[in-house]
Amino acid sequence: MKVIKFLTFMICSISFAQTGTIKGRVLDKQSEISLLGVAVELIDTSTKIGTMTDENGYFILENVPLGRQAVRISYLGYDTVTIPNIVVTAGKNAFINASLLESFAQLDEVVLVSKPNKKQAVNKLATVSARQISLEEVNRFSGGRSDVGRLAANFAGVSAPDDSRNDIVIRGNSPTGLLWRLEGVPIPSPNHFSTAGTTGSPVSALNTNMLKNSDFITSAFPAEYGNAIGGVLDLGFRKGNIDTYEFTAQIGAFTGVEAMAEGPLGKKQGSFLVAARYSLTGLLGVGGTGGTSAIPNYSDVSFNVDFGSGKFGNLSLFGIIGNSDIDFLGDDIDATDLFAAEDEDAFNTSGFSVIGLKHKITTGNKSYLQSTFTFSSSSNIYEADRYINKGTDQERIIRFTEVDNSENRFTFSSLFNSKLSKKATIRVGMLVESFNVKSFLKDRDKQADNDNDGDPDFFTFRDIDDNFILFQPYVQGQYRLTDKITFNAGLHSQYSSLNEQFVIEPRASINYKIARKHAINFGYGIHHQNVALPLLFLNESVNGSLVQTNKDLDFTRSEHYVLGYDLNIGRNWRAKIEAYRQDITKAAVDNFPSSYSSLTEGADFSFNNNRVSLVNEGTGFNHGLELTVEKFFSNNYYGLLTTSIFESKYTGSDGVERNTPFNNGYVFNLLTGKEFKIGKEKTNLFFVDTRITLAGGRYYTPIDLLASKTAGYEVLQEDLAYSQQYDDYLRWDFKFGIKLNSKTKKRSHQFYVDLQNVLDTKNIFTKRYNRLTNNIDQVDQIGFFPDVGYKFQF
């Protein structure tokens, strides 16, 4: 009898070790209201498991075999959907969100099964130049450093040939043209070591383990998105586990040391999710990563607390709080450092935070009202001391630069979404942002010695404490003419109290499924954006007084045209070709003939300090052709090939058409990966992933060496602005690792090695004037770097 009991226990243990759980929620795609009684079943396995959704649309599938699984979701009167590649592990429950579309077919007809894929955005109104991104993708791709910005660089239309920063250059636009959103509201740049006006940095403050499937939109975005001309990253936090407590511990060279916890909260299907990270380099006190010998310290805390649903709706509290600092000491710096100089001691501190309260309530069976209130802030303090005559008996040190910037923003967003019928959906909303901007910049860079003290004057470029409001109402709708033709249209409007300008922006798109495997789409939109705040608030000395002569600049305007063709090549394969044109007007340029334009700003930590009395007379254009061929994960492998051929030009006040610094000309990406089942029960995995990127070099302005020697600082040949191009960019990354599921407990382990820039290719970072040697130095980007990581889930 004891033997039988022992064998029974062992069989149960093995069974437990080989199963996991899939949880999820099913919504109506148009109304975004939960569906009751939806059939959910596991397919493509010998194990037949099925269930139904509850009144809140939730379901649970238990005793699911480990590995990648597929689920079929069906509901009377709706198109049946199959969701493949659900990763089931022993250490963590898998969670999926599904949206069903009401069918045009009669109820007694056979409804075709559709598979949602990443080409379809989460936002149902974003149907052109939009792609869904997932947590699995961010963590899977080699060389990605678990960074959403670096993931986006793999998609067609995106150029990011800069290893030191995660700036996102979309279709030749400046990175400042990007709109970051979290939980439906705009936020400042969510990055560590970020500076005022920029949208990228060396290290992301977004914890990708917090993210749910989100949207990346590269052109002609829907009417709810405003104050952006380049693109949109619309991110959202996932909910925590509503049934059980789960924990994650993780460590990596770039992500740092991390701990995460989640679990149920209250009795109304509420949950909490919280994660904290700290830089590994800071803990170890080791520099030499990311292109500098200095030691970067950074930390962040992210959270999403859902209080559950009741008769007053659903309420959630979310946020991110991040801080970072780094000290560059000249004695520890050499000429190859990407961010510092040998004759300077520089100290940088930055902060980022967003805290929001979100409320959603259904109004009837087919509508809901969602309102969000957030407070966000970003700040950076930078101080630099310059050594004069360093290494000589006359060596001395002077304060050279002082920067103290902060932006505080209160944001209120409200939208009403209603499904009028199975054909029509309408969404009406508004966004109000109240800004308080404090900016102080005092610098000696490129200044004359008017006071004859032997040093360049310490001039105050900015010293402001200003407030303004940005108001953005919109209306948009979708009409499904047939099951093959979908039309989207809307109006976005924008008003700024800073320049008292009001604009109306029409947006429209149409999608037509020509046949089962073929579809075409067209999109159009007018988009406006504020000139970057560091330019708007620059001081100019007028009759001995400091005046902000750029403050009344109008919005920059961009008109987008997109034409695309989609082809389903076969099962789990798709191809897409997209052509686009963007015409830009009202860019800020000098009020005298010059090569300068605000369209060239934004790919560095700072902006031009001497561009005052600017006028909105600059123009530019971007056009190109993009190809995407994608093999979605099936049969244990995936592949992604993207190619972009494009041109990005601008015209300054001198009337000369020039390349923008973002006109790489072409970008090619090839990514692929495969998983191998290992172990006796085949529940563990060995995986490999690789990526190859090839891109045209960046355009740059040559240095006038003779003038630089005379002036003592770098002088550019501005009449030859962006006339020369760096060599082509090439990088190969290779990643491999193992995923282990516990045989007896709810635990899983993952180890990986990410070999970045395997060939140690010497891609050019910049050419710059060296004040100490009076030479022009070529500085290369980050060479070969191995990133090792470990994740434990339980």
Report task. Return a yes/no flag: does the range 208-221 have any residue that is out of contact with any Ser or Thr (no Cβ under 7 Å at 6 or more places or on another chain), among the aliphatic types (A, V, I, L, M) and at pLDDT 95 or above. Result -> no
Query raised in the report: Tell me, which residue of the range 717-739 that is in contact with a Leu (Cβ under 8 Å, 6 or more places away or on another chain) and more than 30 Å from Ile764 (Cβ to Cβ) is surrounded by the most Cβ atoms within 10 Å (Cβ to Cβ)?
Result: Lys739
**Report entry** Which listed residue, of Gln717, Gln750, is within 23 Å of Phe662 (Cβ to Cβ) and not aliphatic (A, V, I, L, M)
**Finding:** Gln717
Query raised in the report: Any residue at all in the range 598-612 that is part of a strand (DSSP E or B) and not small (Gly, Ala, Ser)?
Result: no
Requested in this report: Please state which of the following conditions Phe347 fails to meet, knowing it meets all the rest: (1) under 30 Å from Arg396 (Cβ atoms); (2) part of a loop (DSSP other than H, G, I, E, B); (3) not charged (D, E, K, R).
Outcome: (2)
Query - Any chance Lys745 is in contact with a Phe, Trp or Tyr (Cβ under 9 Å, 6 or more places away or on another chain), touching a residue at least 40 places away in the same chain (Cβ under 8 Å) and surrounded by 14 or more Cβ atoms within 10 Å (Cβ to Cβ) - result: no
Report task. Identify the single condition in (1) touching a helix residue (DSSP H, G or I) at 6+ places or on another chain (Cβ under 9 Å); (2) in contact (Cβ under 8 Å) with a residue 60 or more places away in the chain; (3) buried (at least 16 other Cβ atoms within 10 Å of the Cβ); (4) not aromatic (Phe, Trp, Tyr) that Glu714 does not satisfy, given that it satisfies every other one. Result -> (2)
Report task. Restrict the check to the range 565-574 and report whether at least one residue is over 30 Å from Ile485 (Cβ atoms), touching a residue at least 40 places away in the same chain (Cβ under 8 Å) and part of a loop (DSSP other than H, G, I, E, B). Result -> no
Query raised in the report: Would you pick out the residues in the range 127-150 that are of a type in the set (S, T, N, Q) and within 14 Å of Met210 (Cβ to Cβ)?
Result: Ser134, Asn139, Ser146
Query - Among the candidates Gly310, Gly330, Gly391, residue that is in contact (Cβ under 8 Å) with a residue 40 or more places away in the chain, farther than 22 Å from Phe410 by Cα and surrounded by fewer than 17 Cβ atoms within 10 Å (Cβ to Cβ) - result: Gly310
Requested in this report: Return only the number of the condition from (1) surrounded by 17 or more Cβ atoms within 10 Å (Cβ to Cβ); (2) in a strand (DSSP E or B); (3) modelled with pLDDT of 95 or more that Arg581 does not satisfy.
Outcome: (1)
Query raised in the report: Does Val286 satisfy being more than 20 Å from Asn166 (Cα to Cα) and free of Cβ contacts under 8 Å to residues at least 12 places away in the same chain?
Result: yes
Query raised in the report: Do you know which of the residues in the range 665-696 that are modelled with pLDDT under 95 and assigned to a loop (DSSP other than H, G, I, E, B) is surrounded by the most Cβ atoms within 10 Å (Cβ to Cβ)?
Result: Thr683
Query raised in the report: Quick one: Thr292 ticks every box in (1) among the β-branched types (Val, Ile, Thr); (2) touching a residue at least 40 places away in the same chain (Cβ under 8 Å); (3) in contact with a strand residue (DSSP E or B) (Cβ under 6 Å, 6 or more places away or on another chain) bar one, so which box is it?
Result: (3)
Report task. Please specify each residue of the range 520-543 satisfying the condition of being surrounded by fewer than 20 Cβ atoms within 10 Å (Cβ to Cβ) and closer than 16 Å to Glu578 by Cβ. Result -> Ile520, Phe522, Tyr524
Query raised in the report: Does any residue of the range 446-459 turn out to be in the same structural domain as Lys517 (by TED's automatic domain parsing) and assigned to a strand (DSSP E or B)?
Result: yes
**Report entry** Test: residue in the range 439-452 that is at negative phi and of a type in the set (Gly, Ala, Ser)
**Finding:** yes
Query raised in the report: What's the number of the condition Ser31 fails, among (1) within 23 Å of Lys268 (Cβ to Cβ); (2) surrounded by fewer than 17 Cβ atoms within 10 Å (Cβ to Cβ)?
Result: (2)
Query raised in the report: Just one of the numbered conditions (1) outside any loop (DSSP other than H, G, I, E, B); (2) touching a helix residue (DSSP H, G or I) at 6+ places or on another chain (Cβ under 6 Å); (3) among the charged types (D, E, K, R) is not true of Asp167; which one?
Result: (1)
Requested in this report: Find the strands (runs of 3 or more DSSP E) located wholly in the range 737-794 whose residues include 2 or more that are under 30 Å from Val64 (Cβ atoms), and list them.
Outcome: 748-756, 785-793
Requested in this report: Could you check Leu498 against (1) more than 24 Å from the chain's Cα centre (by Cα); (2) modelled with pLDDT of 95 or more and say which number it fails?
Outcome: (2)
Report summary line: Residues of the range 235-272 being of a type in the set (Phe, Trp, Tyr) and either buried (at least 17 other Cβ atoms within 10 Å of the Cβ) or within 29 Å of Val753 (Cβ to Cβ) (or both), in sequence order, are Phe237, Phe247, Phe254, Phe272
Query raised in the report: Can you name every residue in the range 523-550 that is outside any helix (DSSP H, G or I) and under 29 Å from the mean Cα position of the chain (by Cα)?
Result: Gly523, Tyr524, Gly525, Ile526, His527, His528, Gln529, Asn530, Val531, Ala532, Phe537, Leu538
**Report entry** Qualifying position, being of a type outside the set (D, E, K, R), at pLDDT 90 or above and within 17 Å of Asp243 (Cβ to Cβ), among Gly57, Gly91
**Finding:** Gly57
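The values are calculated or read from the model by the stated rules, or taken from the named source; none is laboratory data. Just so you know, these numbers come straight off a predicted model, no measurement behind them. Please note: Cβ atoms are built from the backbone with ideal geometry, for glycine as well, and neighbour counts cover all protein chains shown.
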